[in-house]
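To start, the structure itself, in structure tokens.
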Number of protein chains: 2
Amino acid sequence: MARSQTFLGDTALTEALNEAGLAISVTEIRQIARGVAAAPPAVDPSAWHCLVAEDLPVALAAELSALVTDDRASSVSGLDGKPAPAHRLEALRGEMVERGIQGFLVPLSDAHQSESPPRNAQRLAWLTGFAGSAGIAVVLADQAAIFVDGRYTLQVRDQVDLGSFLACHLIEEPPADWIAANAPKGARIGYDPWLHTVDGLTRLRAGCDRVGAELVPVEPNPLDSVWHDQPAEPISPVEVHGSDYAGRNSADKRRDVARVLADSGAAAAVLTAPDSIAWLLNIRGGDLPNTPVTLCFAIAAADGGVALFVDPRKLPPKTVAHLGKDVTVRPIGEFGAALADWGAGKKLVQVSANVAPSWVIDRLEAAGAGIMRTPDPCALPKACKNATELAGTRAAHIRDGAALCRFLAWLAAEAPKGVVDELGAVDKLYACRAGGELFRGLSFETISGAGPNGAIVHYHSSPATNRTLEAGTLYLVDSGAQYLDGTTDVTRTVAVGEPSQEMCDHFTRVLKGHIAIATASFPAGTSGGQLDTLARQALWQAGLDFDHGTGHGVGSYLCVHEGPQRIAKRFADAPLHPGMILSNEPGYYKTGAYGIRIENLEIVRATPPGDGDERPMLGFEALTLAPIDLALVDTSIMTIQEIDWLNAYHARIREIIGPLVDAQTVSWLYQATRPVSMSGTG
Amino acid sequence: MARSQTFLGDTALTEALNEAGLAISVTEIRQIARGVAAAPPAVDPSAWHCLVAEDLPVALAAELSALVTDDRASSVSGLDGKPAPAHRLEALRGEMVERGIQGFLVPLSDAHQSESPPRNAQRLAWLTGFAGSAGIAVVLADQAAIFVDGRYTLQVRDQVDLGSFLACHLIEEPPADWIAANAPKGARIGYDPWLHTVDGLTRLRAGCDRVGAELVPVEPNPLDSVWHDQPAEPISPVEVHGSDYAGRNSADKRRDVARVLADSGAAAAVLTAPDSIAWLLNIRGGDLPNTPVTLCFAIAAADGGVALFVDPRKLPPKTVAHLGKDVTVRPIGEFGAALADWGAGKKLVQVSANVAPSWVIDRLEAAGAGIMRTPDPCALPKACKNATELAGTRAAHIRDGAALCRFLAWLAAEAPKGVVDELGAVDKLYACRAGGELFRGLSFETISGAGPNGAIVHYHSSPATNRTLEAGTLYLVDSGAQYLDGTTDVTRTVAVGEPSQEMCDHFTRVLKGHIAIATASFPAGTSGGQLDTLARQALWQAGLDFDHGTGHGVGSYLCVHEGPQRIAKRFADAPLHPGMILSNEPGYYKTGAYGIRIENLEIVRATPPGDGDERPMLGFEALTLAPIDLALVDTSIMTIQEIDWLNAYHARIREIIGPLVDAQTVSWLYQATRPVSMSGTG
């Protein structure tokens, strides 16, 4: 395919490399640069140069950077959120005929079930044009359908050619039902076994069974065969996450996990979640947007050894040295053979059936391994942060709180003038954070919703939807950052101008729910599912509710969404343990009018035993430090205890953040954190 | 085996039958009488005579009654709560050798997973002597173990010969682990496929797998081959439960269930839960203690027809007429052939995998049926009571409340004299209820716990443990009754003499939890699991908790424990629907000192929409009408709203029960339901 010009030609680049004494070829460099372009932009755009050499002449460094800029521009093609041209679907159908299948599944996923898969895994977007964050297409010989959830029922109509794809609701008309109603009897429906979990396939297979169709694994992915300008696998340098942040060295973590494996009777565990591997090996990467992981697989053995399957070009010498002799680095192409080796020994191997690609289980079973379906053995120890990680995240939250207070003070001054819009606010908030110590980028795309846009739970502002913050409306901003010492996630809702009585009532009910979680005391062994109702009770009393979970787990300079900890109506059975970090984010949404959400991160911690306590009790410590808009608080429907909590929380923010911010912010901060009383806002 | 004398000899009895013009033989009558003796005593001991003829001469009726008394006396042998003689275990091991198995599982269950299996299914008690309500033994060639839960760890030592059986904790050292540690490699461990569910076997099989042992179905049950005086299958007359109580006729219910089956694509559903069949066919029986069901199986077809597999001797002509032509009555011996017929047609059949015996699924699979593992299709419609059933249960609760008030008034007068003991209180409470209209017996064995015995959650008073109610202690009484129009279940805790401040504090926290459930408002779709925490919050704030569920479903003149509705920390995911009945019974237990529980039954009902309500909301209506002991209420830790609830609840009791009781009870009632205020008990 065509490439635009770089500063130097290949010959001149070869010369520059020779001059610098580097043995690497231009072809190799071009391949790396293609991978770097397929990864999201790094905070330090030249960080990847270490994959070529430790120290580069300035001119050569500039040349390398240009290569990436170049590749990034070209790799955008075909993923622009507009309906995809119909010839792509036709090309896929041609390939289906070649492969002898009458159907093919195109999920939005990669082999790691990543929340935001890399560009080369954006097959659904390439095929259909759909740019949302969840969905699946089912392509049959003469018809096709795309399935999206309630968030995207409008968006899918703009972004997908409805002449080619029937748009269906993922939950109400699930793919399995559509297959059962539309697939011809005896049809072979193909799927890429790297992209589906065994649990996911079980549901789809039930649909096939009903119509006498068959679900068959197909490799390599037929869509990849016709996606000619498919981006490369992302490449980013794998960095050492030192013990000063991680708090425990990798050898100790590996020993702990090995002991758990040995106790369970398993010989090894297959790890396919990049954040689990990042935690276990104390490494971080930049392959995915907002999440500092490197895409890889690993097999952790009960003897403490780990085989890491990763593109070796991503490992600078420093990282190789850090991994040491007990971690064997192998190219991903050898993963299948390694699985087969464990199977050949008839060993018992742990696999997480709701995370691992079915490809992994197929290989193990075919080779004769015993499969133990267990949760990822790194998930729980990763979720329970150690003292170093907790100290780090407290520090990160103070810096993040100062940044947020600067933003909120600016907003309080500027928004009333009618000059702030959603995208401008996103930029300002980024600028407030970007200068900060240890800042490594955002932890997710900022949600910046003015007025009715605030009622769209997963709203992403675009030039087409961008609204100015207007008097008499609410503004909801949900954002977070990655710091080397911690991950943040915070939502505040602020009144622009005078809020209505209804806004104040509903905001205060959300706040009462937030406080109920923040102040909860519960026995060890309690799950987040058991706490969820506390966040909703004040809303329920007024016949209101919100349609998302109350809280998700948060990593330590890792995923902003992690398990097993969770506070929600369903699927939140994991007991909470000291050291876990969870969001506490009840909300209320009035479609077409406004949205409210109040989100802090909280640490689970053991409560010092009180007089008469009979059980070990747990509670929360609020990490987030940003004022809650008092203009929206109606103290007349709060209890004394709730008002005391609010005043104490604000006093703590004033004390900690005050010394860290400029005079203008301090002045705002004192007003924003003034004590309130039952009779009014004092 | 030896039989004691009846009034007449067989010859005289034959003559009496001939005189009455009855064709039935003495042998047949003796068999029926054996079955009647194996069933629990009925409220009307001669009710079963209708199985012989509608009208019997008085002398013959007396003779029939004597036959049963006689049989009941003889069938007690071997189930007396003392350690079983060792020769039973030896006999079983001999039979195991005959059958070629090296192990055998002896659960405490019948083919219906009944909560209280009938006498002939008390195999665990016969083999070991253990008389608790849950447990399982695993017998190997040279060792054996019995597994009981925390309630029974003391009791098992008294009732089981620990030289023959190792006593293990059911949860902490589960049978699967013990098998894995003790069964010889290659051992064949037998089980009776009628007594285990597929889900239950899965766990046990995992234990066998770990040691290379095999779990094999064995029929007939080897223990039955050596239990020579095993009681008969229980026999009791199957009665029609008329539409004036059931609210909906059986044909309509069958049509509803058939529609659900047809919609699911299933051709039929196998029903193995006697209460589901009782509900579907509007029949009741007396085969089990406290639960008015007949032991039977059924297959409900998608065309509306039902095959009922039941001992036909249990059906009086009136019931046969009621069942009508669309219900085919077949002996239980034909159940297997009927399952095979559905399989032979390659039909899709619904089975509840956590209730149905594995025998059922084995038969269906062997015959080629497709198995749909679904909840019992009767469970949900049975749980959602119709208007007639709700009116009935309200009426039953008024009569039950009057009985309970008479008891509590008596207790208030007598207990301070030191003349009341646990067993005396049980008898008095029974007497207060027994005369009542539509009374059909207790719904479970009354729990009557004085002082420290109240802290034993599933306590059953016996002459050995019987305590006198003493001043300065608490008395906990948990009881319920079956009425033709409803099932009751209520717990009250009363102070005898002056309670301590701690007792009052903890009682009030339990009460706050009870009120939080009683007053909860929640959106349609909410499960009991989501409400459970409301019942515990006030205890958690003091570092306290209780180790049982907050609420269970209750049937309509059926099981006092039914699903799917439930309020608990775990396994309570079923959404609550209007018409469901649940208990609301938080508690607190101080081992060795006292127990507290406050239990009302509640109806789930739709809340009339309020101003600004955005969602359909549900709440509860309290059914139970009995005062909560104000001597134990500390209003200083209650909110105004909680005190208002208590006063309104007591006013309602006074108003409804007052006109129904004697002057002495009324006088107590007015004192017991006096309004209280924040500053004291007014």
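Taking a label point 7 Å from Cα toward Cβ, how far is residue A:248 from its twins in the other copies, in nm, shortest first?
5.4
Quick one: Cα centre-to-centre distance for segment B:496-574 and segment B:85-101, in angstrom?
Computed from Cα coordinates, the inter-centre distance equals 46 Å.
Tell me, how many Å apart are the Cα centres for segment A:288-314 and for segment B:341-372?
So the two Cα centres are separated by 45 Å.
Just for the protein assembly as shown, what percent of DSSP beta bridges are antiparallel, to the closest 5?
DSSP beta bridges in the protein assembly as shown are roughly 75 percent antiparallel.
Given a 1.4 Å probe and no ligands, DNA or RNA in the count, how much accessible surface is buried by A and B, both sides, to the nearest 100 Å²? Don't jump to the answer; show the numbers that get you there.
Numbers: alone 27550 and 27560 Å², together 52850 Å².
The A and B chains share an interface burying roughly 2300 Å².
In nm, what does the list of distances from residue B:609 to its counterparts in the other copies look like, shortest first, when each label sits 7 Å along Cα to Cβ?
Taking the point 7 Å beyond Cα along Cα→Cβ, the inter-copy spacings are 5.3 nm.
Could you please state, rounded to a whole Å, how far the C-alpha centre of segment A:226-245 is from the C-alpha centre of segment A:149-205?
Value for the Cα centre distance between the two parts: 29 Å.
At 222 nm, what value in deg cm²/dmol follows for chain A if DSSP H runs of at least 4 each add -39500 (n - 2.57) and the sum is divided by all its residues, to the nearest 500?
Values: 23 runs with 247 residues, N = 682.
Roughly -11000 deg cm²/dmol at 222 nm, from the helical runs in chain A.
Net charge near residue B:165: determine it from the other residues with C-beta under 15 Å of the C-beta of residue B:165, scoring Lys and Arg +1 and Asp and Glu -1.
Summing Lys and Arg as +1 and Asp and Glu as -1 gives 0.
Put +1 on the Cβ of every Lys and Arg and -1 on every Asp and Glu Cβ in segment A:538-682; which of A:540, A:675, A:561 then has its Cα farthest towards the positive end of the dipole?
A:561
Classify segment A:126-190: rounded, prolate or oblate, from the alpha-carbon gyration tensor (a ≥ b ≥ c, eigenvalue square roots; a/c under 1.5 rounded; otherwise prolate if a/b is larger than b/c)?
Since a/c reaches 1.5 and a/b is larger than b/c, the shape of segment A:126-190 is classed as prolate.
Straight-line reach from residue A:325: which lysines have a Cα under 27 Å away, not including same-chain ones fewer than 8 places off?
Excluding near neighbours in sequence, the set is A:253, A:314, A:346, A:347, A:382, A:385.
Each label point is 7 Å from the Cα along the Cα-to-Cβ direction; what then is the distance between the points at residue B:14 and residue B:639, in nm?
7.8
For chain A, take the longest principal axis of its alpha carbons; what is the angle in degrees between that and the long axis of helix A:198-211, to the nearest 10 within 0 to 90?
Long axis of A:198-211 versus the principal axis of chain A: about 70 degrees.
Work out the mean other chain Cβ neighbour count within 10 Å for the residues of B:536-546 and drop it here as an integer.
For this peptide, the per-residue mean of nearby foreign Cβ atoms is 6.
Applying a 10 Å radius around every beta-carbon, put A:16-29, A:359-372 in order of their mean neighbour count, most first. Walk me through the intermediate numbers first.
Details: A:16-29: 13.8, A:359-372: 19.0.
Going from most to least packed, we get A:359-372, A:16-29.
Taking the Cα centre as origin and putting +1 on Lys and Arg beta-carbons and -1 on Asp and Glu beta-carbons, what dipole magnitude results for segment A:208-255, to the nearest 20 debye?
Dipole of segment A:208-255, to the nearest 20 debye: 440 debye.
Helix B:358-367 versus the longest principal axis of chain B: what angle, 0 to 90°, nearest 10, using Cα atoms?
Computed tilt is about 50 degrees.
Kindly sort A:55, B:311 by accessible area of their heavy atoms, largest first, with the probe set to 1.4 Å.
So the residues, ranked largest to smallest area, are A:55, B:311.
If r is the Cβ-Cβ distance from residue B:464 to residue A:614 and R0 is 35 Å, what FRET efficiency results, to the nearest 0.05? Before the final figure, lay out each step's value.
Numbers: r = 29 Å, r/R0 = 0.83.
Efficiency, from the Cβ-Cβ distance: 0.75.
If we hang a label 7 Å off Cα along the beta carbon direction at residue B:466, how far is it from the matching labels on the other copies, in nm, shortest first?
8.6
Note down the magnitude of the dipole of chain A about its Cα centre, charges +1 on Lys and Arg C-beta and -1 on Asp and Glu C-beta and zero elsewhere, to the nearest 20 debye.
With only Lys, Arg, Asp and Glu charged at Cβ, the dipole is about 680 debye.
Whenever you get a sec, compute what percent of the accessible area on the protein assembly as shown sits on carbon and sulfur atoms (1.4 Å probe).
Ligands and nucleic acids excluded, carbon and sulfur give 54 percent.
How much net charge surrounds residue B:502 when only other residues with a Cβ under 12 Å from its Cβ are counted (Lys, Arg +1; Asp, Glu -1)? Write out the running numbers ahead of the final one.
Values: positive: B:509, B:590; negative: A:611, A:614, B:505, B:634.
Its environment carries a net charge of -2.
Among A:337, A:398, A:289, flag the residue with its Cα farthest along the positive direction of the charge dipole of segment A:277-436, charges on Cβ as +1 for Lys/Arg and -1 for Asp/Glu.
Projecting each Cα onto the dipole axis, the largest value belongs to A:398.
What is the minimum Cβ-to-axis distance for chain A, in whole Å, where the axis maps A onto B, and to which residue does it belong?
A:533, 3
Give me the accessible area per residue for the protein assembly as shown, probe 1.4 Å, as a whole number in Å².
The answer is 39 Å² per residue.
Please give every one of the lysines within straight-line cross-link reach of residue A:417, meaning a C-alpha to C-alpha distance under 18 Å, and leave out same-chain neighbours fewer than 8 residues apart.
A:428
Just give the residues from segment B:560-598 buried by at least 10 square angstrom of accessible area in the all-chains context relative to the isolated chain, probe 1.4 Å, and say none if nothing qualifies.
B:569, B:570, B:573, B:588
Charges only on Cβ, +1 for Lys and Arg, -1 for Asp and Glu: so what's the dipole of the protein assembly as shown about the Cα centre, in debye to the nearest 20? Mind showing how you got there, number by number?
Values: 112 positive and 158 negative charges, 53 e Å.
The calculation lands at about 260 debye.
Angle between the Cα long axis of helix B:10-19 and the longest principal axis of chain B, 0 to 90 degrees, nearest 10?
80
Can you tell me which of B:571-579, B:651-659 comes out highest on packing, and rank the rest after it, using the mean Cβ neighbours within 10 Å?
Ranked from most to least packed, the peptides come out as B:571-579, B:651-659.
Checking buried surface per residue: for segment B:517-532, which residues lose a minimum of 40 Å² accessible area in the protein assembly relative to the chain alone (1.4 Å probe)?
Those residues are B:521, B:523, B:530.
Find the percent of Cα-Cα distances in the protein assembly as shown that exceed 52 Å, and round it to a whole number.
36
Any chance you could look up the accessible area of residue A:679 with a 1.4 Å probe, heavy atoms only, rounded to 10 Å²?
Here the residue's solvent-accessible area equals roughly 120 Å².
Using protein chains only (no ligands, no nucleic acids) and a 1.4 Å probe, work out which residues of segment B:601-645 have their accessible area cut by at least 50 Å² relative to the chain alone.
B:614, B:615
The values are calculated or read from the model by the stated rules, or taken from the named source; none is laboratory data. Note that the coordinates shown come from a computational prediction; the quantities given were computed from them, not determined experimentally. A quick note on method: Cβ atoms are made from the backbone with ideal geometry, for glycine too, and the neighbour counts reach across all protein chains shown. Accessible surface is based on the protein model in full, side chains and every heavy atom, while ligands, DNA and RNA are left aside. Shrake-Rupley method; radii C 1.70, N 1.55, O 1.52, S 1.80 Å.
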